[in-house]
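Worksheet: one structure, shown below.
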Amino acid sequence: TELQKEQGIWSDETFGNKRNPTAPLHHLFKEIMEAIAEPRDLEEYADCQLLLMDAARLAGFNMDDVYCESVKKLQKNKLREWGKPDENGVVEHIR
């Protein structure tokens, strides 16, 4: 997408173009914790999306790839059996 392309150019210019996907994924983990602390702050979600886009790009994927895989994953999840929520409200599929 255009946003991913623009973000990628900025990211490479700012952080260097020799990085691998793990750097933005580690940063994403930190931003997720901020979103958990402030779940009504839309900017935190944007931070997460930008980092996910950058990691995907560095791994060789574009956001169309991520979207198409998400569509497939949703269909797979619909076929799974799901357990009960844990103390944080997290529900995982039964293995």
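The values are calculated or read from the model by the stated rules, or taken from the named source; none is laboratory data. Just so we're clear, the structure is a prediction, and the values are computed from it rather than from any experiment. Virtual Cβ from ideal backbone geometry, glycine too; neighbours counted across all protein chains shown. Each accessible area value is taken on the protein alone, full model and side chains, heavy atoms only, with ligands, DNA and RNA left out. Shrake-Rupley method; radii C 1.70, N 1.55, O 1.52, S 1.80 Å.
At each listed q (0.12, 0.24, 0.25 Å⁻¹), what is the log10 of I(q)/I(0) that the Debye formula gives for the chain modelled as equal alpha-carbon point scatterers?
Results for the chain at q = 0.12, 0.24, 0.25 Å⁻¹ read -0.50, -1.21, -1.23.
Kindly provide the helix-only [θ] at 222 nm of the chain, computed as the sum of -39,500 (n - 2.57) over DSSP H runs of four or more divided by all residues, to the nearest 500 deg cm²/dmol? Each step should come with its number before you reach the end.
On the way: 4 runs with 63 residues, N = 95.
Rounded to the nearest 500, the figure is -22000 deg cm²/dmol.
Can you compute the modelled spin-label distance between D65 and K18, with each label point 7 Å from Cα toward Cβ, in nm?
2.3 nm
At a threshold of 8 angstrom on Cα-Cα distance, excluding pairs fewer than six apart, so keeping six or more, what relative contact order does the chain reach in percent? Each step should come with its number before you reach the end.
Numbers: 70 pairs, mean separation 25.6, N = 95.
That works out to 27 percent.
Out of residues 5 or more away from F61 or on other chains, whose amide H comes under 5 Å of its own, with H placed 1.01 Å from N in the peptide plane?
Correct list: empty.
Heavy atoms only, probe 1.4 Å: what % of the accessible area of the stretch 2-95 goes to carbon and sulfur, would you let me know? Walk me through the numbers on the way to the answer.
Details: 4350 of 7530 Å².
Within the stretch 2-95, the accessible surface is 58 percent carbon and sulfur.
DSSP H helices in the chain with Cα extent of 18 Å or more along the helix axis and mean Kyte-Doolittle hydropathy at least -0.5?
Values: long enough: 2-15 (19 Å, -1.19); 22-37 (23 Å, 0.44); 42-58 (24 Å, 0.32); 63-78 (22 Å, -1.16).
Answer set is 22-37, 42-58.
With a 1.4 Å probe and all protein chains kept in place, how much accessible area does E43 have, in Å² rounded to the nearest 10?
Around 130 Å² of this residue is reachable by solvent.
With a point put 7 Å past each Cα toward its Cβ, work out how far H26 is from I94 in nm, to one decimal.
So the two model labels end up 3.9 nm from each other.
Can you work out the accessible area per residue across the chain, with the rest of the protein chains kept in place, probe 1.4 Å, in square angstrom?
Numbers: 7610 Å² over 95 residues.
It amounts to 80 Å² per residue over the chain.
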